[in-house]
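Comments concern the structure below.
The values are calculated or read from the model by the stated rules, or taken from the named source; none is laboratory data. Note that the coordinates shown come from a computational prediction; the quantities given were computed from them, not determined experimentally. Don't worry about glycine lacking a Cβ; one is built from the backbone with ideal geometry, like all the others, and counts go over all protein chains shown. Just so you know, the surface numbers come from the protein's heavy atoms only, side chains and all, with ligands and any DNA or RNA stripped out. Shrake-Rupley method; radii C 1.70, N 1.55, O 1.52, S 1.80 Å.
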Amino acid sequence: MADITVRAVRKSYGKTATLHGIDLAFASGEFVVILGPSGCGKSTLLRMIAGLEDITGGEIEINGRVVNKLEPRERGCAMVFQNYALYPHMTVADNIGYALKVAGVPKAERRARIAETAKIVGLGDYLQRKPAALSGGQRQRVAMARAIIREPGVFLFDEPLSNLDATLRVTMRAEIRKLHQRLSATSVFVTHDQVEAMTLADKLVVMNKGQVEQVGQPLDIYHRPASTFVAAFIGAPPMNLMDARIDASATVARHEHLAIPISSAMAAALAGRDVTLGIRPEECRVLPAGEGLPARVDFVEELGSGRIVHAAFGSRIFAAAIPLDIRVASGDLIGLALPPAQLHVFDRETGRRLDVTHSMGRHEPVRQAAEAV
Ligand SMILES: Nc1ncnc2c1ncn2[C@@H]1O[C@H](COP(=O)(O)OP(=O)(O)OP(=O)(O)O)[C@@H](O)[C@H]1O
Ligand SMILES: [Mg+2]
């Protein structure tokens, strides 16, 4: 087990800056997921922790020791990649035990540790097979066994499941989580799949364009996204966002010709401001035409367990999750209710979350809230 501190870490390739100063702290035994769109710098950060990439600026500390200048093998990290790159001519046993062989571990000990590790990942009966005779999930487990056998303080995973089909991904996700409970090594798991991130993480780090957007527990991030980027990136379908102006004289926000009721606290705190309002599809309510705010059904997505209505609302399409007992069809006029307590509000310019609580006065709160995020 090991804790990891990343301090003001920057990375440039030539003149191009890829990471712009990353500060993160991972506790020993924590399962951390780094989530962000393609190209935001996730792999670069992970590879810098592993020692596979030079650090342009800042410091990385593992277990209280600055590792900037240490070789990968001196850092106590084991990495599992998307392309698990097994040796095709070697058996599962030899693949798993390769690092021990290189390290000169005696044969009898090696054999015992291979057997034990294979059992952990459920490959006990496959030791004599070659990788070509394994399924994708089994190969992925060989790659994990190869990392586990080194008994690392830190596991680094770079999209290890993205080559697997959807069903296998769900199974392997559960296996990785179980494995973590059993070994409790600090784990840093990179993905651009938000479901994977939400289900695996103790701590979730959302990255965007070489910067950290938000760090927190998955549900906290879901319920209190720090920016419009995070709001739109997490959740499927994503949060509905719309530009609006908080009315100075009524408790509504004006979006195009629509007047959206808001809480009196929001009205007081943000009167006259241009904001971005957000609401999750599952918080929108669909009402009969004539009630709520007018919208017209564009199409309906059937999920089996429920359905998502996509409806034209002003000039945009809004998603609303509805129970199976409400029947609507394309072209129907409906009403939308957006409960004021469920509205998220963001600064229009910066995209940062603005927090409005009932105890806030009229002028102070906005600045405080902007600083707090
Ligand atoms: N060796 C390199 N030389 C120059 N630029 C690089 C190099 N490696 C990565 N980059 C650039 O750095 C940025 C971050 O890349 P990185 O691989 O960390 O992204 P990522 O978040 O892992 O994306 P993905 O989800 O697609 O794997 C990208 O714009 C990429 O093009
Ligand atoms: Mg990557």
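So the values come out like this:
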{"read-out": "For the range 60-180, size of Cβ-based charge dipole, Lys and Arg +1, Asp and Glu -1, in debye", "value": "240"}
{"read-out": "Cleavage-rule hits (trypsin sites (Lys or Arg not before Pro)) in the range 227-335: DSSP loop, at most 11 neighbouring Cβ within 10 angstrom", "value": "ARG327"}
{"read-out": "Dipole of the range 4-228 [Lys/Arg +1, Asp/Glu -1 at C-beta], most positive-end residue of GLY136, GLN214, HIS20", "value": "GLY136"}
{"read-out": "Share of alpha-carbon pairs per 5 Å distance bin for the range 152-243, given as whole %", "value": "3, 12, 23, 23, 18, 13, 6, 2, 1, 0"}
{"read-out": "GNM result for the chain, Cα springs below 10 Å: residue of PRO281, PRO88, PRO261 fluctuating most strongly", "value": "PRO88"}
{"read-out": "Charge dipole of the range 4-228 about the Cα centre (unit charges at C-beta), most positive-ward option of ILE96, PHE81, ASN63", "value": "ILE96"}
{"read-out": "Solvent-accessible surface ranking, highest first, for SER43, SER249 at 1.4 angstrom", "value": "SER249, SER43"}
{"read-out": "Cα-based Rg of the chain normalised by 2.2 N^0.38 Å, two decimals", "value": "1.19"}
{"read-out": "Accessible carbon and sulfur surface of the chain relative to its total accessible area, %, 1.4 Å", "value": "50"}
{"read-out": "The chain: calculated mean residue ellipticity at 222 nm from DSSP helix runs of at least 4, using -39500 (n - 2.57)", "value": "-8000 deg cm²/dmol"}
{"read-out": "C-alpha center-to-center spacing [the range 94-166, the range 243-264] in angstrom", "value": "58"}
{"read-out": "For the chain, with +1 on Lys and Arg beta carbons and -1 on Asp and Glu, the positive-most of PRO294, VAL121, GLY351 along the dipole", "value": "VAL121"}
{"read-out": "Point-charge dipole on Cβ atoms (K/R +1, D/E -1) for the chain, about Cα centre, debye to 20", "value": "1280"}
{"read-out": "Relative intensity, log₁₀ I(q)/I(0), of the range 1-87 from a Debye sum that treats every alpha carbon as a point, q = 0.12, 0.21 Å⁻¹", "value": "-0.36, -1.10"}
